[in-house]
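Worksheet: the structure to be examined is printed underneath.
Computed from the coordinates by the stated procedures, all read-outs in this text should not be read as laboratory data. The structure presented is a predicted model; accordingly, all values stated were derived computationally and were not measured. Please note: Cβ atoms are built from the backbone with ideal geometry, for glycine as well, and neighbour counts cover all protein chains shown.
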Amino acid sequence: MKARIVTFALTGCLLGTILTSCNQDPEKRMEQEKVELSESKQDLNKAKEEYNIEYQNYKLENENKILDNEKKIIELKEKRLKVKKENRADYDEKVKQLEGKNNALRSKMNDYQDSGKEKWESFKEEFNHDMDELGQGLSSLFKDNVRD
C-alpha cells in the first residue's frame, strides 16, 4: 500500500513537471533563446578581441627580444678578433648558429597562424623554450669569449 502511494506521488510530480514545461509559451522561449544567442556572440567577440590583444603584445615583446639578440650577435661578431686564432673557426660557427636560430624564431613568430586556444598555448610554450635556449647560448658564448 505504501509503495502504491509513493509511486502515485512520484508519478504525479513527474507528470506535473512535464506539463509545466510543455505549457511554456513558445514566443517566450524563442525570445529567451535569442537573448542567450546574443550574449554568446558578445562573449565570443570579447574573447576574440582579448586574444588579438594578447597575440599582438606577445609578438611585440618577442620582436624586442629578437632585436636584443641581434645586437648581442653583432657584438659577438665585433669581438671575433679578440678570440684566439685557433678558436676563431669554432667561434664563428657558434655565432652563425645563434644567428640562424634567432632568424628562425623571427620567422616562426611571423608565420604563426591562429589555430585555436590550445595550439596558441602550445606555440607560446615552445617559442618561450626556444627563446630561452637562444638566450642561454648567447650568454654562454659571451662568458666563453671573456675567458679566451
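In this rough spin-label picture, where each label sits 7 Å from Cα along the Cβ direction, the PHE127-MET30 distance is 4.6 nm. Annotation note: trypsin sites (Lys or Arg not before Pro) in region 60-129 located in DSSP loop regions with a Cβ neighbour count of at most 15 within 10 Å are LYS84.
Which listed residue (TYR91, SER107, LEU134) has the Cα farthest towards the positive end of the charge dipole for region 30-148, taking +1 on Lys and Arg C-beta and -1 on Asp and Glu C-beta about the Cα centre? After comparing all options, I get TYR91. Placing a label point 7 Å from the Cα of ILE66 along the Cα-to-Cβ direction, the residues of region 103-120 whose backbone N falls under 17 Å of that point are 103-114. Excluding residues on the same chain fewer than 8 positions from LYS77, give the aspartates and glutamates whose Cα lies under 13 Å from its Cα. Filter leaves ASP90, ASP92, GLU93, GLU99.
Take the Cβ-Cβ distance between ALA47 and SER139 as r, set R0 to 41 Å, and report the resulting FRET efficiency rounded to the nearest 0.05.
Numbers: r = 38 Å, r/R0 = 0.92.
According to the calculation, E is roughly 0.60.
The charge dipole of region 86-148, taken about its Cα centre with unit charges on the Cβ atoms of Lys, Arg (+1), Asp and Glu (-1) only, comes to about 140 debye. Evaluated with a Cβ-only charge set (Lys, Arg +1; Asp, Glu -1), region 40-144 carries a dipole of roughly 540 debye about its Cα centre, given to the nearest 20.
Could you pull out the pairs from LYS65/LYS119; LYS65/LYS117; LYS46/LYS124; LYS71/LYS124; LYS59/LYS117 whose alpha carbons sit more than 18 Å apart here? The answer is LYS65/LYS119; LYS65/LYS117; LYS46/LYS124; LYS71/LYS124.
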